1. Would you confirm, using the coordinates I've provided, whether Val66 is within 18 Å of Leu108 (Cα to Cα), at pLDDT 95 or above, out of contact with any Gly (no Cβ under 7 Å at 6 or more places or on another chain) and assigned to a helix (DSSP H, G or I)?
2. For region 81-112, which residues satisfy the criterion of being without any contact (Cβ under 8 Å) to a residue 12 or more places away in the chain, assigned to a helix (DSSP H, G or I) and over 17 Å from the mean Cα position of the chain (by Cα)?
3. Taking Phe61 as meeting all but one of (1) under 30 Å from Ser6 (Cβ atoms); (2) surrounded by 11 or more Cβ atoms within 10 Å (Cβ to Cβ), write down the number of the exception.
4. So which residues in region 1-43 are in a helix (DSSP H, G or I), more than 26 Å from Leu85 (Cβ to Cβ) and either touching a residue at least 60 places away in the same chain (Cβ under 8 Å) or touching a Lys or Arg at 6+ places or on another chain (Cβ under 8 Å) (or both), if there are any at all?
5. Is it the case, given these coordinates, that Val48 is in a helix (DSSP H, G or I), over 11 Å from the mean Cα position of the chain (by Cα) and modelled with pLDDT under 90?
6. When the residues of region 80-114 are filtered to those that are β-branched (Val, Ile, Thr) and at pLDDT 95 or above, which remaining residue is surrounded by the most Cβ atoms within 10 Å (Cβ to Cβ)?
7. Condition first: at positive phi, surrounded by fewer than 18 Cβ atoms within 10 Å (Cβ to Cβ) and out of contact with any Ser or Thr (no Cβ under 9 Å at 6 or more places or on another chain). Can you find one or more residues in region 41-56 that meet it?
Amino acid sequence: MNMAISVGTQARLWYWQRISAMVLALCVVGHLIVIMVAVRGGLSGAEVLARTRGNWAFGVFYTCFVLACTVHVPIGLMRVAEEWLAWRARSVVTAAWLFAAVLGLAGLRAVYAVVMP
């Protein structure tokens with residue numbers, strides 16, 4: 001057991017990872033549908049961007065996708081670091097938080113770039 005994280009915090013992390021996995025499952029299905037529609041229609045990258053510019057529905061959908069990834073991925077990486085690398089110090093939590101910040105900022109920046117006119 002990781003002594004750097006309390007049992008209560010570990011339970012909350014487990015909960016949030018499961019909730020974010022449920023959101024991610026829905027987002028992946030939605031994303032695959034968007035890809036199939038775009039490919040089936042023979043849209044080019046420029047045509048896809050023309051459809052997403054100013055489209056708030058795409059922005060909200062992909063923002064939810066990014067936020068779910070920002071919650072889910074760092075928790076999983078923290079567990080991998082603990083189990084496979086025996087990294088049990090408080091620094092694993094700090095590294096997970098930093099990774100979450102980078103992932104979230106990069107993802108939200110990408111959504112902004114695709115949606116904003």
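1. No.
2. The answer is Glu83, Trp84, Ser91, Thr94.
3. (1)
4. none
5. So Val48 fits the description; yes.
6. Looking at the filtered set, the residue picked out is Val111.
7. Scanning region 41-56, I find at least one residue that is at positive phi, surrounded by fewer than 18 Cβ atoms within 10 Å (Cβ to Cβ) and out of contact with any Ser or Thr (no Cβ under 9 Å at 6 or more places or on another chain), so the answer is yes.
The values are calculated or read from the model by the stated rules, or taken from the named source; none is laboratory data. In this text, all values refer to a predicted model and were calculated from it rather than measured experimentally. With ideal geometry, Cβ positions are generated from the backbone for all residues, glycine too; neighbour counts draw on all protein chains shown.
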